[in-house]
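Have a look at the structure below, then the notes.
Read-outs throughout are calculated quantities, based only on the coordinates presented, and are distinct from any laboratory measurement. Note that this is a predicted model, so its numbers are computed, not measured. Quick reminder, even Gly has a Cβ in these numbers, built from the backbone with ideal geometry, and neighbours come from all protein chains shown.
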């Protein structure tokens, strides 16, 4: 089975394809962040699912943006991938409120 990292190394995006992908990933939001964290930890969807106690199809739905994970699930993902979960709110004046979220 090819890992995401191996695939990326053989299939780099260029030109219009890269611009389209970058625009789409901004729209994916949380799903893209989950994919990035998982890839950084060098985990497959199935491996991440096993670590956090859910199914591979659930991870796929989150990464595709078809479903949003709960904050508790995001905390589990962060812990399983070695990241820290932070929540930020941006106001109309572009001011930002941010706080780290930690499990108890």
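With the structure loaded, tell me whether residue 59 is within 14 Å of the chain's Cα centre (by Cα) and either touching a residue at least 12 places away in the same chain (Cβ under 8 Å) or loosely packed, with under 10 Cβ neighbours inside 10 Å (or both) or whether it fails that test. Reasoning before the result, please.
Details: within 14 Å of the chain's Cα centre (by Cα): yes; either touching a residue at least 12 places away in the same chain (Cβ under 8 Å) or loosely packed, with under 10 Cβ neighbours inside 10 Å (or both): yes.
Spelling it out, residue 59 is indeed within 14 Å of the chain's Cα centre (by Cα) and either touching a residue at least 12 places away in the same chain (Cβ under 8 Å) or loosely packed, with under 10 Cβ neighbours inside 10 Å (or both).
Selection of the stretch 67-104 for residues being under 16 Å from residue 33 (Cβ atoms), loosely packed, with under 10 Cβ neighbours inside 10 Å, out of contact with any strand residue (DSSP E or B) (no Cβ under 8 Å at 6 or more places or on another chain) and touching a residue at least 12 places away in the same chain (Cβ under 8 Å) yields only 82. Restrict the check to the stretch 57-77 and report whether at least one residue is in contact with a helix residue (DSSP H, G or I) (Cβ under 7 Å, 6 or more places away or on another chain), within 19 Å of residue 5 (Cα to Cα) and part of a loop (DSSP other than H, G, I, E, B). No, that holds for no residue. Does residue 53 satisfy being at positive phi, touching a residue at least 40 places away in the same chain (Cβ under 8 Å) and touching a helix residue (DSSP H, G or I) at 6+ places or on another chain (Cβ under 8 Å)? So residue 53 does not fit the description; no. Would you mind stating whether residue 19 is part of a helix (DSSP H, G or I) and closer than 22 Å to residue 3 by Cα? Answer is no for this residue.
Take the conditions (1) surrounded by 11 or more Cβ atoms within 10 Å (Cβ to Cβ); (2) over 11 Å from the mean Cα position of the chain (by Cα); (3) more than 16 Å from residue 4 (Cβ to Cβ); residue 46 misses just one of them, which is (3).
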